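Everything on this sheet refers to the single structure shown next.
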Amino acid sequence: MAMEITDSNYAALLAEGKPMILDFWATWCGPCQLIGPMIEELAEEFNGQIIIGKVDVDSNTDLPGQFGIRNIPTLIFIKNGEIQKKLVGAQQKSVLVEEAKKLLA
């Protein structure tokens, strides 16, 4: 299951040193709801290898600002503390899996 990532727990999770995928979303966002199940599937497939979490932009204002989020859904792929990829809008699962695998390479 994807984690809930918040303004307050992000730094501690990043400090673990694992690759991360952040899904910036909101409950009222149709495309966000569309990719939600795919994010959950990724969390199962890469369990323990990649921290996969959802950031509710309505409840957390610091992280969206920090990452320059202007549209949702936006997926941020992080490795070694640095952004490797930023995908905006609904994506196919195959694209998400491909980008997740790159984080482990």
>> Conditions first: (1) under 24 Å from L104 (Cβ atoms); (2) touching a strand residue (DSSP E or B) at 6+ places or on another chain (Cβ under 8 Å); (3) modelled with pLDDT of 95 or more. M38 passes all but one, so which condition is the exception?
In response: (2)
>> If I ask for residues that are surrounded by 15 or more Cβ atoms within 10 Å (Cβ to Cβ) and either in contact (Cβ under 8 Å) with a residue 60 or more places away in the chain or not in a helix (DSSP H, G or I) (or both), which ones from region 36-60 would you list?
In response: F46, I50, I51, I52, G53, K54, V55, D56, V57, N60
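Just to be sure before I move on: is I69 of a type outside the set (G, A, S) and in a loop (DSSP other than H, G, I, E, B) in the structure I sent? Let's see the steps before the verdict.
Values: of a type outside the set (G, A, S): yes; in a loop (DSSP other than H, G, I, E, B): yes.
The answer is yes for I69.
Please verify whether region 63-81 includes one or more residues that are farther than 17 Å from Y10 by Cα and surrounded by fewer than 18 Cβ atoms within 10 Å (Cβ to Cβ).
As a first pass, look at region 63-81 and keep what is farther than 17 Å from Y10 by Cα: 70-73.
With the extra rule that they be surrounded by fewer than 18 Cβ atoms within 10 Å (Cβ to Cβ), the set shrinks to 70-71.
Checked region 63-81: at least one residue is farther than 17 Å from Y10 by Cα and surrounded by fewer than 18 Cβ atoms within 10 Å (Cβ to Cβ).
Name the single residue that is nearest to L22 (Cα to Cα) among those in region 70-105 being of a type in the set (A, V, I, L, M) and in contact with a helix residue (DSSP H, G or I) (Cβ under 8 Å, 6 or more places away or on another chain).
Pass one, region 70-105, residues of a type in the set (A, V, I, L, M): 72, 75-76, 78, 83, 87-88, 90, 95-97, 100, 103-105.
With the extra rule that they be in contact with a helix residue (DSSP H, G or I) (Cβ under 8 Å, 6 or more places away or on another chain), the set shrinks to 72, 75, 78, 87, 90, 96-97, 100.
Details: I72: 12, L75: 6, I78: 8, L87: 10, A90: 14, L96: 12, V97: 14, A100: 11 Å.
Across region 70-105, the extreme among qualifying residues is L75.
Please work out if V97 is under 16 Å from L13 (Cβ atoms), in contact (Cβ under 8 Å) with a residue 12 or more places away in the chain and among the aliphatic types (A, V, I, L, M). Working first, answer last.
Numbers: under 16 Å from L13 (Cβ atoms): no; in contact (Cβ under 8 Å) with a residue 12 or more places away in the chain: yes; among the aliphatic types (A, V, I, L, M): yes.
So V97 fails the test.
The values are calculated or read from the model by the stated rules, or taken from the named source; none is laboratory data. Just so you know, these numbers come straight off a predicted model, no measurement behind them. Ideal geometry is used to build each Cβ from the backbone, glycine not excepted, and the neighbour counts take in all protein chains shown.
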